[in-house]
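Note sheet for the following structure.
The values are calculated or read from the model by the stated rules, or taken from the named source; none is laboratory data. Everything quoted here is computed from the prediction, not taken from an experiment. When we count neighbours, we look across all protein chains shown, and the Cβ atoms used for this are built from the backbone with ideal geometry, even at glycine.
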Ligand SMILES: Nc1ncnc2c1ncn2[C@@H]1O[C@H](COP(=O)(O)OP(=O)(O)OP(=O)(O)O)[C@@H](O)[C@H]1O
Ligand SMILES: [Mg+2]
């Protein structure tokens, strides 16, 4: 039953996204344009005489960072944005009164956006490869494992932000955190080693730093699971703490919702 | 008779910015299977709060309730599978999607088997006269059409119980009559569904509901058929009459009678005067007539000016008609 509902949620939200055609197209276009940006940034760097970053081209480095940042953006934003939209439209209440578990009704509307995120990332990697990103050394098995562990820790940020939206009924600080702090300190666009040591402390407090490092290790240098094991362990540790905490926050939010009954009244 | 809905000491106190607001207080009532049950009361009486607890959207702060035999707190999924809810919020559709696409989604979320969805959508759209709008974007529908689609959505999984929270709010009279006839004839009489109908309009319930519960300030004031509720009342009456004779003397004579609550002069012509007389018991009317005869007056015409409607019943049970002032009071209390 839940599988059937998930499928219904995905198709339905695909239809909704497709109904806004211009938005739909610009998302894919934007993904391709960012590949161009990375490409020319790399050209600039090469002209300056700099060649390799972390054992590969800067272009490859950026493509991986860009793809990962898409996950960052989605994890912090997808659940809360879709939930807010449903609340504004007044469609969340009819959904909550169906024979669907509350958690699925609240988070399910993001299913398509998350799936599309994976698609967009694959497209970026594909286009990137076509114009010269080098994944010839990649250890794909390690990469997929790193990605899975990273996503489970990323998703907890999304669950936190959904809980925030339910309780406070407005945009959440998680978005700001991800968009400003995470981008600069986790090594999306440049290696964190460039940061002065005292700022690098922030980097090491973020799970994304480990995720990106392991991901680049696997994709650029073909590192094995054993070689990225340390990063994986740290990531697993973040997940072990963040995921239960975020689920707890969501449970609290749902309880709050049932006490106040204020979801449609935005 | 099966009690398909049962509320026992059901209570709800909201915590709103540190203040406790008791919206529903120790309510007891039950609804029989196949009944068209009316929930009536002035604004803020607690009607929506009761329905939101019965539909699992709100957690009660006291008491219990069962719907279709399931506890609204411990068996919320079973409750939701048994019910449809319609609220007055007619915006609540995905505006860019068609009526059919909207219904497809809710059908799936209500566990309607895939194979049956198209047929079921066809049925509910036809029932509410919306077949020709099946492939129109819902944002292009009129308010009344959306409200009908709203009821169609609540019926998509063919639930035995339907909750309607002011469903006719934005419908014109014809549409509202059409929808009410559908509810009465098709859903209740034909299909045997149980319907809980909320309204703060009296005329909506009088020749429509089997039984009505009257709420005020979160408590039950009375329950019964509209006729039973009427019988509970003292036989108060209001007459408007036009008389010839000395107005001052007549008024004085009437006011001296036992059971005359008030005498109001409405207008005075050259020979005739119009009065409103409120009586505690309609039988006092004969004494009123005797005063006219005794004073050498002449009764030109008269009629009963009160309406024998639920309005009086409510005024009786909720301690006064809802006037502009006490409506304002009620607002302030929130
Ligand atoms: N979410 C809420 N938080 C705090 N107080 C609330 C909330 N919802 C309703 N109330 C209060 O509870 C009381 C009952 O409200 P309710 O909406 O149940 O009344 P109602 O009978 O449906 O009125 P109406 O005819 O205006 O729809 C009111 O005093 C209202 O202000
Ligand atoms: Mg209401």
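Couple of notes before you dig in:
- Selection count, segment B:18-63, where residues are outside any loop (DSSP other than H, G, I, E, B), more than 14 Å from ligand 2 (Cβ to nearest atom) and closer than 12 Å to residue B:6 by Cα: 7
- Qualifying residue in segment A:112-124 (condition: within 14 Å of chain B (Cβ to nearest Cβ), at pLDDT 90 or above and within 24 Å of residue A:19 (Cβ to Cβ)): yes
- Scan segment B:99-155 for residues that are touching a strand residue (DSSP E or B) at 6+ places or on another chain (Cβ under 8 Å), at the interface with another protein chain (Cβ under 9 Å from one of its Cβ atoms) and surrounded by 20 or more Cβ atoms within 10 Å (Cβ to Cβ) and the total you get is 3.
- Filter pass, residue B:159 being touching a residue at least 12 places away in the same chain (Cβ under 8 Å), in a loop (DSSP other than H, G, I, E, B), crowded, with 18+ Cβ neighbours inside 10 Å and within 16 Å of ligand 1 (Cβ to nearest atom): no
- Among residues of segment B:162-171, those that are in contact with a helix residue (DSSP H, G or I) (Cβ under 8 Å, 6 or more places away or on another chain), within 16 Å of ligand 1 (Cβ to nearest atom) and assigned to a loop (DSSP other than H, G, I, E, B), counted: 4
- Of all the listed residues (B:237, B:231, B:227), the sole one being modelled with pLDDT under 90 and in contact with a helix residue (DSSP H, G or I) (Cβ under 8 Å, 6 or more places away or on another chain) is B:237.
- Looking only at segment A:1-58, and only at residues there that are outside any helix (DSSP H, G or I) and within 14 Å of chain B (Cβ to nearest Cβ), the one that is nearest to residue B:109 (Cα to Cα): A:1
- Considering only residues in segment B:1-53 that are within 11 Å of ligand 1 (Cβ to nearest atom), within 18 Å of the chain's Cα centre (by Cα) and away from chain A (no Cβ under 14 Å), the one that is surrounded by the fewest Cβ atoms within 10 Å (Cβ to Cβ) turns out to be B:43.
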